[in-house]
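Chemist: Attaching a single structure in structure tokens format; questions to follow.
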Amino acid sequence: MASQDPISQIERKRVYIETYGCTYNAGDSEKIAVILRGQGCEIVRSSDEADTIVLNTCIVVEKTEREMRQRLSHLGGREVYVTGCLPKIDPGCGGVVIDPDTIHHHFQSAGTQPDGRVAVIQIARGCTGHCTYCITKKARGPLLSYPVEEVVRQLKGRVARGAVEIQLTAQDVSAWGMDLGSDLGDLISALSAVPGTFAIRMGMMNPDTLNPVLGKVLRACRDDRIFSFFHIPIQSGSDTVLRRMGRRYTRDDVIRIVEMIREEFPYARISTDIICGFPGETGEEFSETINLLRAIRPEKINITRYSARPGTPAASWYDMPDRFKKDRSRQATAVARGIFDEIYTSFIGEEMDVVVTEVVKEGTVTTRDRAYRPIIISEPLEIGSAQRVRITGHRHHYLLGDLIR
């Protein structure tokens, strides 16, 4: 890239990289660290230690965007570079803007890979969606899939540097390859051919793009090194609301997808997202969402109260009072907790094979079973080691276990 490119200006500095939002942003921050180390910089652990701060921003909901702007205001007077989604919709937001689209190009010429036991590998940016509420399409643009050879190269590099958990990420993982004449099943098969001891976790997959390739994806996921984890954001259980949202699938499509996953992988862990209080959502339509949650029984549910995003079609529609959104969010949270409790209680006493993926604190680690369920073990275990555990309890969002010696 040209020397005038802002990221090229950061040389021989102590840099703090502050990251918000999704796994994709975390991947960009990993790449930025590699690029800056190649330019003689030291990556430090806090803003107080830094000469320069790189703020990697998120704007998915209004509250988060407000926090980003407050953070920029707080950092006034410091040398700040801003990347992520905020400068894509507001180039004058503050600081020196690093266009996130340029990070990938810099990284390709860096000649090295990030370290770490958990590796974030971006497989595409942008999406094919037309969601009426989403500002991310404006920030990230149309789908651009990275070639399979490039993704494989990154996987090999990260495994060689000790990664044991590989997180595939994109705005819509199941859309990968639609612009290349390929599909996600082909990519998973190519990654499965890479030798090594690692496990792959796939990121968020839109039911619309997953539906036509589901059979092929499930066949590719039979490899033991692919976590049986499927993050499928349904957003609503009402076909009427889904049409207003611009989501191109139905309630029945969601049920069919989940049934096919569980037929192939009975042990699979399903995660989903819902939006409470979308413009025009009636009480009956919200009840359809609750009923769909009870039908598909996800083990993780991300619940968001609708917030209008500027420049999106839904921003001009009537926005219901917050008290209704909060009430629906509380109802959904109670239902989610009930589902989690029932599922996780059923695991108590079961023995599982797990892999240690993260140190929670000294003497305590997070392990993952083959469906990416988090099991907390109070033992100082080595990252990447395979263990056998017995489940002793749960805390709604994770399981507790003891080591079987």
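None of the figures in this text is laboratory data; all of them are computed from the coordinates on show. Since the structure is predicted, the reported quantities are computational estimates derived from the model, not experimental observations. With ideal geometry, Cβ positions are generated from the backbone for all residues, glycine too; neighbour counts draw on all protein chains shown.
Chemist: For a quick check of your reading of the filter: which trypsin sites (Lys or Arg not before Pro) in the range 20-57 sit in a DSSP loop and have no more than 12 other Cβ atoms within 10 Å?
Modeler: Here the trypsin sites (Lys or Arg not before Pro) that fit, given the DSSP loop and packing criteria, are R45.
Chemist: While we're on this one: How do Y267, Y16 line up, fewest other C-beta atoms within 10 Å first?
Modeler: Y267, Y16
Chemist: Compute a Gaussian network model of the chain, connecting alpha carbons closer than 10 Å, and tell me which residue from P142, P233, P298 fluctuates the most.
Modeler: Highest fluctuation among the options: P142.
Chemist: In the range 298-405, what chymotrypsin sites (Phe, Trp or Tyr not before Pro) fall in a loop by DSSP, with at most 12 other Cβ atoms inside 10 Å?
Modeler: Of the chymotrypsin sites (Phe, Trp or Tyr not before Pro), the ones in loops of the range 298-405 whose Cβ has at most 12 other Cβ atoms within 10 Å are Y318.
Chemist: Now a separate question. Between P374, P310, P321, where does the largest GNM mean-square fluctuation fall for the chain, given springs only between Cα atoms within less than 10 Å?
Modeler: P321
Chemist: Could you name the lysines whose alpha carbon sits less than 28 Å from that of K325, not counting residues in the same chain fewer than 8 places away?
Modeler: K63, K137, K138, K300
Chemist: OK, next. Considering only the other residues whose Cβ falls under 10 Å of the Cβ of G177, what net charge follows from Lys and Arg at +1 and Asp and Glu at -1?
Modeler: So the environment of G177 carries a net charge of -3.
Chemist: Report, in cubic angstrom per residue, the convex hull volume of the C-alpha atoms of the range 351-403.
Modeler: Looking at the range 351-403, the number lands at 66 Å³ per residue.
Chemist: Now a separate question. In which sequence would L155, L72 go, from the one with the fewest C-beta neighbours within 10 Å to the one with the most?
Modeler: Result, fewest neighbours first: L72, L155.
Chemist: Moving to a separate point now. I want to check the label-to-label distance for H105 and A308. Put each point 7 Å from Cα in the C-beta direction and report it in nm to one decimal.
Modeler: The answer from the label model is 3.7 nm.
Chemist: Using Cβ contacts closer than 10 Å as the measure, can you line up E65, E284, E150, E49 from fewest to most?
Modeler: Least crowded to most crowded, the residues run E284, E49, E150, E65.
Chemist: Okay, next question. In percent, what relative contact order does the chain have, based on Cα pairs under 8 Å that are 6 or more apart in sequence?
Modeler: Result for the chain is 11 percent.
Chemist: Right, next: Reachable lysines from K156, Cα under 18 Å, same-chain residues fewer than 8 places away excluded?
Modeler: Partners found: K31.
Chemist: If you don't mind, there's one more thing I want to ask. Can you tell me the Rg and the Dmax, both Å, for the Cα atoms in the range 89-143?
Modeler: Just the Cα atoms of the range 89-143 yield Rg and Dmax of 14.4, 40 Å.
Chemist: Specify the residue with the greatest mean-square fluctuation among G181, G95, G215, computed from a Gaussian network of the chain linking alpha-carbon atoms under 10 Å apart.
Modeler: Its mean-square fluctuation being the largest, the pick is G181.
Chemist: Still on this structure: Quick one: in the range 115-345, what % of C-alpha pairs are over 26 Å apart?
Modeler: 40 percent
Chemist: Before anything else, pin down the relative contact order of the range 1-119: Cα pairs under 8 Å, at least 6 apart, normalised by residue count, whole percent.
Modeler: 28 percent.
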